[in-house]
Amino acid sequence: MLSVMRRGAKSWVIKVRLVLISLSFVVWGVGDDLGQGSRKPLVEANNWTITSREFSEAYENEFQRMRQQFGNSLDKKMADAMGLKQRSLSSLINYHLIQDAGRSMNLTISPAQLQKTIAENPAFQTLGNFDNNRYNLLLRNNQITPKEYEYKLSADMLSSQIQQSIGTFSVTPEIIVKDSYNLAGETRKIITMSLDPKKLEKDINPDDATLQAYLDKHIDRYMTPAKVKVRHILLNSDSVVSSISVTDEQLQEYYYENTDQYTQAETREARHILVKIDEKVDDAAALKKIQQAAKRLKDGEDFANVAKDTSEDVSASQGGSLGQFARGMMVKPFDDVAFSLNIGIISEPVKTQFGYHLIKVDKINPAKSKSYEEVKNQIEPIVINQIAVNKVYDLSITLENQLYASGDMQGVSKDLNLRYRETDFFSQQDANKLKGIEKEPKFQEIAFSTSKGDISSIIELPNNRFFALEVMDRQEPRPKELAETKTSLLSDYRKVNAELQAKELMEATIDNLAKGESWESLAKSNKLFKISTSNHFKRDDKSNKPASAIRAAAFKLTLAKPDYNQAIRAVDGFTLVRLQDIKPANQDEFEKEAQEIRNSLQISLGMEQLTAFVDGLWKKANIRINQELFNQI
């Protein structure tokens, strides 16, 4: 088991540069050592353990990510078949290994670093600024204390810091750069012989007995979906907004606390003359030319006319006019001078990344704050929404208590004036029958994991929404009868058997090639064969033509042995490959591409360095996995 996990971890590291466990806001899945009881650990190592609860939370987090990617029809059995369970455990072990390595190196995250990261998280901001009330509210809503959150965030930041440090490779040997260029730049040309199994399907016509036998053999593929019928209550801001009224004092308090939001910054209208510094004009020549323009202005010439004659900016035709701009819109050296000048004053030459400038300010538009009366109507819905967030949270606790006490969803919904709805039977594939929150993955997860007659706990959704549901009835999956599924069953039977026939036919063709028959005669032997000749292509051809598996086969062949010895299953069917030509990389282009190759190799070699580091941690950590407990989760 451990060797399998290590191999899985190594491939995972290589693919994603060891993104160990993505710590989402809702489910962190790590850091269970805070307040953890004395449970039997799932994983033990020299200096740390993983509990089954910690793994379950991390696994659930990753499962929800997969459902977002693959859709709500993905269940945990399918996800585990895709390696989710082992991958989650490997990633969690990697996380603890990195954390332990950080502790052994006495590495820490400073309070200032932690504070900065939290303050810059948009989830904790209101109108672009950190909001301590929002911070505490979001943590409370997700049942995590600031101490726990900051502990876990600090751990995650430390892991990222270690990975970045160890995964940085500074020097790339030049011989590797050259070899990489030659491999990437070599092109090949092939001939392919393909057979699309779809062309065989029309001649496959099984009788009902054959279809029934096929259905009996694969009955697990032809089950009716589980269906549920539920009643549910929705609590959101709409549930409380009508009961909220705000006073003028509350609105004014918000206004004065957020006056910066209602202040229009100072702007300026200016002109400039630009002389560029580039390959043809060096610094000294550009400075001399801008000084000549400055002398003309000093002698009394009009700024707009000199700009038209001299400036190398697109604004020259408008007399150098830049229009109106606020502080920070221009590059810093230009910005600093433009906002220090008085109207009508012409600056000394100013150097920026573009060249030398002369700047003249035509107009200053002072900063202006909107009055309370001007923005009162904008503020009111903001303040109401802030109050609604707190009221909804408080009401969710009341809702949970009343449901627990009475078990009467409809009665509780009337008492609290909340939205109530009963559904018809639906499956997880019946999205078109569902409305509102019923389409949410979390809603469906709870609906299909709750027993008949049970009421769920209060579940939170994004955007300040809560729901509870009761499963009124369930229909469990059952095998379909032949009449129910004959159309799809026949289609599946034809596809499977056409696939087998096509593969057998192509394998027979390979055997005939090995016996000495010519490619040309075999190509003509079956009218269903499709013969194609490719253009020259590289290993990583961006057009994806030919398909990647065919390209990979082509680069394994030589002109001495041009035939690939397997039929490749590609998009358009089974394909035989024959190499026709090889062209080496164009050495004249090496210098143009060398730096990009070096950069790419630095990343790849950094990944290998990081992989080796983590592999070493695995070997030293004396990791023991409780296989029995792992199988039970």
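The values are calculated or read from the model by the stated rules, or taken from the named source; none is laboratory data. Just so you know, these numbers come straight off a predicted model, no measurement behind them. Note: ideal-geometry Cβ built from the backbone for every residue, glycine included; neighbour counts use all protein chains shown. With ligands, DNA and RNA removed, areas are computed over all heavy atoms of the protein, side chains included. Shrake-Rupley method; radii C 1.70, N 1.55, O 1.52, S 1.80 Å.
Here the label points at ASP260 and LEU528, each 7 Å from Cα along the C-beta direction, are separated by 7.2 nm in the simple model. When the C-alpha to C-alpha distance is required to be over 29 Å, the pairs from LYS152/LYS452; LYS556/LYS619; LYS480/LYS527; LYS391/LYS452; LYS368/LYS391; LYS527/LYS561 that qualify are LYS152/LYS452; LYS556/LYS619; LYS480/LYS527; LYS391/LYS452; LYS368/LYS391. Here segment 500-580 has an Rg and Dmax of 12.6, 37 Å, counting Cα atoms alone.
For segment 345-416, the Cα gyration tensor yields ellipsoid semi-axes of 61, 18, 7 Å (square root of five times each eigenvalue, largest first, whole Å).
How many Å² of accessible area per residue for segment 124-236, probe 1.4 Å? For segment 124-236, the per-residue accessible area is 52 Å².
Dipole orientation for the chain: of the candidates ASN142, ALA265, SER521, SER521 has the Cα lying most toward the positive pole (charges on Cβ; Lys, Arg +1; Asp, Glu -1). Computed packing ranks the peptides 243-251, 151-159 as 151-159, 243-251, most packed first, by mean other Cβ atoms within 10 Å.
Each peptide in 392-398, 570-576, 355-361, 307-313 was scored by the mean count of other Cβ atoms within 10 Å over its residues; highest first, the order is 355-361, 570-576, 307-313, 392-398.
If you take the alpha carbon atoms of segment 347-469 and fit the smallest convex hull around them, that volume is 254 Å³ per residue.
When the Cα gyration tensor is reduced to axis lengths a ≥ b ≥ c, the ratio a/c is 1.5 or higher for segment 535-616, and with a/b not above b/c it is classed as oblate.
Think of segment 356-407 as a dipole: +1 on every Lys or Arg Cβ, -1 on every Asp or Glu Cβ, centred on the Cα centre; then among VAL392, SER406, ILE382, ILE382 lies furthest on the positive end.
From the square roots a ≥ b ≥ c of the eigenvalues of the alpha-carbon gyration tensor of segment 113-234, which class results: rounded (a/c under 1.5), prolate (a/b over b/c), or oblate? Taking the square roots of the gyration eigenvalues as a ≥ b ≥ c, segment 113-234 is oblate.
So for each of 206-212, 113-119, 46-52 I average, over its residues, the number of other beta carbons within 10 Å; can you give me the resulting order with the highest mean first?
Details: 206-212: 12.3, 113-119: 14.1, 46-52: 17.0.
Sorting 206-212, 113-119, 46-52 by mean packing, highest first, produces 46-52, 113-119, 206-212.
Each semi-axis of the equivalent ellipsoid for segment 572-633 is √(5λ) with λ an eigenvalue of the Cα gyration tensor; in descending order they amount to 43, 26, 9 Å. Other residues whose C-beta falls under 10 angstrom from the C-beta of ILE437 contribute a net charge of +4, scoring Lys and Arg +1 and Asp and Glu -1. The local environment of ALA594, defined by Cβ-Cβ distances under 15 Å, has a net charge of -4 under the rule Lys, Arg +1 and Asp, Glu -1. Surface analysis of segment 331-480 yields an accessible area of 55 Å² per residue, using protein heavy atoms and a 1.4 Å probe.
Heavy-atom accessible area for VAL241, with the other protein chains in place and a 1.4 Å probe, reaches approximately 60 Å². Coupling constants for segment 142-156 follow from the phi torsions by the Karplus curve (6.51 cos²θ - 1.76 cosθ + 1.60, θ = phi - 60°), and in residue order they are 9, 6, 9, 7, x, 4, 5, 4, 5, 4, 6, 5, 4, 5, 5 Hz; glycine and proline get x. In order along segment 276-284, the phi-based Karplus estimate (6.51 cos²θ - 1.76 cosθ + 1.60, θ = phi - 60°) of 3J(HN,Hα) comes to 7, 10, 8, 5, 8, 10, 7, 4, 5 Hz; Gly and Pro are listed as x. In the distance distribution for segment 238-363, Cα-Cα pairs more than 24 Å apart total 41 percent. Distant-in-sequence amide contacts of ILE190, defined by a placed amide H-H separation under 5 Å and a gap of 5 or more residues or a different chain, comprise SER534, GLN580.
Once every DSSP H run of n ≥ 4 in the chain is given -39500 (n - 2.57) and the sum is divided by its residues, what mean residue ellipticity at 222 nm do you get, rounded to the nearest 500 deg cm²/dmol?
-15500 deg cm²/dmol
Count Lys and Arg as plus one, Asp and Glu as minus one, and take only other residues whose Cβ is under 11 Å from that of ALA270; the net charge is then +1. Were the residues from GLN501 through SER488 laid out at 0.36 nm apart, the gain over their Cα-Cα distance would be 2.7 nm.
Only lysine pairs 8 or more places apart, or on different chains, with alpha-carbon atoms under 16 angstrom apart are counted in segment 189-330, and they number 9. Under Stokes-Einstein, with the Kirkwood radius over Cα pairs as Rh, the value for the chain at 37 °C and 0.692 mPa s is 101 µm²/s. Taking only protein heavy atoms and a 1.4 Å probe, the accessible area of segment 423-562 is 49% carbon and sulfur. Which shape class applies to segment 403-449: rounded if a/c is under 1.5, otherwise prolate when a/b exceeds b/c and oblate if not, where a ≥ b ≥ c are the square roots of the Cα gyration tensor eigenvalues? Prolate is the answer for segment 403-449, as a/c is 1.5 or above and a/b outweighs b/c. Return the carbon/sulfur percentage of the accessible area of segment 252-330, one whole number, probe 1.4 Å, all protein chains in place. C and S fraction of accessible area: 46 percent.
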